[in-house]
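**Q** Mind looking over this structure? Questions follow.
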Amino acid sequence: MSKLSMVAALLAVALLWALPARAAGAYDIGLGAGYALPVGDMTKGAALADQAAGAVPIQVDAVYRYTHRVRFGVTGSYGPVPPGTTTAGLHAANQWRMTVGALGEYHWAPFAGQDPWVSLSVYWTQLDQQITREDLGKFVKTQTVSQSPLSAEVRGGYQFSLMPDLYVGPYVSAAIESYTSYTASSSTSGSSATTAATTSADVPSDQQTWHAWFGFGITGRYGF
């Protein structure tokens, strides 16, 4: 790198440091990653931990600064779900969890270099489980998609200002969900013709129950 390039880079960094923090009415884009542990049952008598050892969500947020402290926006996440005690021994078990919803935040120190915050999100979620196994020379592929239309998550964190409008910090979270519907499909292939079947149904009300995810991670936020 030439001396001129180094000087230009240093001036750019100094300019970013000198810029004031964005005012209310601006927007924030956030990106985070973490790990969540399951507690409770998918349906009555069926422990979620049997299917999922945890979840690794990659989360994206887009929020509007209604005031300096109060912010609203949308949020979504997608990430792999490591197999639980029942699915761990199955061949080619692939599981994913996705969420989409609305988000509200409160920040205690929006102008400080260290800003504690708390958020509440209401969202739709699904758990997609795809398992392939070999049975008597045939390959059997099953897919089950469980959905929860109304779930909620509380997060709390502490973010540090790296420069104006750029914050990074840790968070902890607690989410509650209840699967109310599912779609199950299966296909068998081998020496004979491939067969397939798909079923969609609601979970019977007497089998519905609540489960939770307790997580932690790191998130970053940039304002513009």
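**Q** Counting only residues that are closer than 16 Å to residue 148 by Cβ and part of a loop (DSSP other than H, G, I, E, B), how many does the range 22-64 have? Before the answer, list the steps.
**A** Step one: of the range 22-64, the residues closer than 16 Å to residue 148 by Cβ are 36, 38-44, 46, 48, 51-52, 55, 57.
Still in the running and part of a loop (DSSP other than H, G, I, E, B): 44, 57.
Within the range 22-64, residues that are closer than 16 Å to residue 148 by Cβ and part of a loop (DSSP other than H, G, I, E, B) number 2.
**Q** For the range 81-102, indicate whether the set of residues that are modelled with pLDDT of 95 or more, touching a Lys or Arg at 6+ places or on another chain (Cβ under 9 Å), assigned to a strand (DSSP E or B) and of a type outside the set (Asp, Glu) is non-empty.
**A** no
**Q** Scan (1) in a loop (DSSP other than H, G, I, E, B); (2) at pLDDT 95 or above for the single condition residue 191 breaks and write down its number.
**A** Result: residue 191 passes all but (2).
**Q** Out of 217, 157, I need the residue that is at pLDDT 90 or above, touching a Pro at 6+ places or on another chain (Cβ under 9 Å), surrounded by 14 or more Cβ atoms within 10 Å (Cβ to Cβ) and farther than 14 Å from residue 115 by Cα. Which one? Before you say what the answer is, go through the steps one by one.
**A** Working: 157 fails: farther than 14 Å from residue 115 by Cα.
Result: 217 is the single residue among 217, 157 that is at pLDDT 90 or above, touching a Pro at 6+ places or on another chain (Cβ under 9 Å), surrounded by 14 or more Cβ atoms within 10 Å (Cβ to Cβ) and farther than 14 Å from residue 115 by Cα.
The values are calculated or read from the model by the stated rules, or taken from the named source; none is laboratory data. Note that the structure is predicted; figures quoted are calculated from it, not measured. Heads up, the Cβs are rebuilt from the backbone with ideal geometry, glycines too, and the neighbour counts pull from every protein chain shown.
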